[in-house]
Amino acid sequence: YIGRMFADAGADYLFSDYEQSGSVPCSFETVYAKARNADYWLIKYAAATDLTHQSVASDYSLYTHFDAWENRRIYHCNTFYSSFFEEIPFHPERMLRDLIGIFHPSVLGSVENRYYKPLK
């Protein structure tokens, strides 16, 4: 599903070669080998407070070695406050708009994302 959304938004999903659906647990080494040079990093989580660059680095310092970290291209969706899970099944176009806005910002102009926000 997410791989298809990325493709529809004109992006490559780094785990598209996985045949499983849903979440696939991977070691840090596996993720690092596949994603260290990725242009973007999208994080979806549920927490009472939003993530920041500092909190991500404090959580695991090796995260700072990703290109997306160094180029400040990390976007987060805090499902604790967002209606992501309630809306996406009925309005996938809303997530697609977010992804296009992230991967191709000049296409949509200055439209604010609904779910994925830049990490502060």
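Residue pairs whose Cβ atoms lie under 8 Å apart, sitting 6 or more positions apart in sequence or on different chains, and linking a residue in region 91-106 that is touching a residue at least 40 places away in the same chain (Cβ under 8 Å) to a partner that is open to solvent by 30 Å² or more (accessible area, probe 1.4 Å) and not in a loop (DSSP other than H, G, I, E, B), are Leu96/Asp8; Leu99/Asp8; Ile100/Val107; Ile100/Leu108; Ile102/Leu42; Ile102/Tyr75.
When Ala7 is tested against (1) loosely packed, with under 14 Cβ neighbours inside 10 Å; (2) out of contact with any Ser or Thr (no Cβ under 9 Å at 6 or more places or on another chain); (3) assigned to a helix (DSSP H, G or I), just one condition goes unmet, and that condition is (2).
Here are some residues: Tyr13, Tyr63, Tyr40. Which one is at pLDDT 95 or above and of a type in the set (Phe, Trp, Tyr)?
Numbers: Tyr13 fails: at pLDDT 95 or above; Tyr63 fails: at pLDDT 95 or above.
Step by step, each of Tyr13, Tyr63, Tyr40 is checked, and only Tyr40 is at pLDDT 95 or above and of a type in the set (Phe, Trp, Tyr).
Condition first: closer than 25 Å to Ala47 by Cβ and either open to solvent by less than 70 Å² (accessible area, probe 1.4 Å) or of a type outside the set (Lys, Arg) (or both). Now tell me which residues in region 104-116 satisfy that. Correct list: Glu112, Asn113, Tyr115, Tyr116.
Among residues of region 40-98 being hydroxyl-bearing (Ser, Thr, Tyr) and within 19 Å of Arg4 (Cβ to Cβ), the one that is surrounded by the most Cβ atoms within 10 Å (Cβ to Cβ) is Tyr75. Taking the stated definitions as given, is Tyr116 in contact (Cβ under 8 Å) with a residue 60 or more places away in the chain, in contact with a Cys (Cβ under 9 Å, 6 or more places away or on another chain), of a type in the set (Phe, Trp, Tyr) and over 20 Å from Ser16 (Cα atoms)? Criteria met by Tyr116. Looking across region 56-90, the residues that are among the polar types (S, T, N, Q) and part of a loop (DSSP other than H, G, I, E, B) come down to Asn71, Thr79, Ser82, Ser83.
Residues in region 11-39 that are in contact (Cβ under 8 Å) with a residue 12 or more places away in the chain and either assigned to a helix (DSSP H, G or I) or open to solvent by 50 Å² or more (accessible area, probe 1.4 Å) (or both): 10 in all.
Contact list please: Cβ distance under 6 Å, first residue in region 42-70 and closer than 22 Å to Ala11 by Cβ, second residue assigned to a helix (DSSP H, G or I) and not aromatic (Phe, Trp, Tyr), pairs at least six apart or on different chains. Hits for this filter: Tyr63/Val56.
The values are calculated or read from the model by the stated rules, or taken from the named source; none is laboratory data. A quick note: this is a predicted structure, and the numbers were derived from the prediction, not measured. So basically every Cβ, Gly included, is an ideal-geometry build from the backbone, and we count neighbours across all protein chains shown. Side chains included, ligands, DNA and RNA excluded: accessible areas come from the protein's heavy atoms. Shrake-Rupley method; radii C 1.70, N 1.55, O 1.52, S 1.80 Å.
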